[in-house]
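First comes the structure, then the notes that go with it.
Since every read-out is calculated from the coordinates, none of them should be taken as a lab result. All values reported here derive from a predicted model rather than from experimental measurement. Here Cβ is always computed from backbone atoms with ideal geometry, including for glycine, and neighbour counts include all displayed protein chains.
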Amino acid sequence: MHEHGLAKELWPQLQAIAEAKGFRRVIRVEMIVGMLHGVTGEFLAHSFEHAFAGTSFQGAAVSITVVDPGQEYIPPNSDQRVSASGWELLVMRMEGVE
């Protein structure tokens, strides 16, 4: 399952973001993933649930949006639309409890 490998690779970065924000517990993660990674949003979210077990992310709501090349989206900390390359891996939002 490619989704499991991608979740495992992204896990340290998610932990670092939560730590930088001072979150003791993460309650929500929203991401954009490019279609060329060959994953589905549903399966990737499920893989994150397994990666999060027993951590401060356990029980967090995970929302994954898969974008096609050329599809427009607004990246974090911006108000301008950009065109997707298909290789995106963006954490759009993370909510937690300090």
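Dipole magnitude for the chain: about 280 debye, using +1 per Lys or Arg Cβ and -1 per Asp or Glu Cβ, origin at the Cα centre. Please work out, to two decimal places, the log10 of the ratio I(q)/I(0) at q = 0.10, 0.11, 0.22, 0.25 Å⁻¹ from a Debye calculation in which every Cα of the chain carries one identical scatterer. Result of the Debye calculation: -0.26, -0.31, -1.14, -1.34. When only Cα pairs below 8 angstrom with a gap of at least 6 residues are kept, region 2-97 shows a relative contact order of 39 percent. Under the combined filter of DSSP loop state and at most 13 neighbouring Cβ atoms within 10 Å, region 13-92 retains these trypsin sites (Lys or Arg not before Pro): LYS21, ARG24, ARG81.
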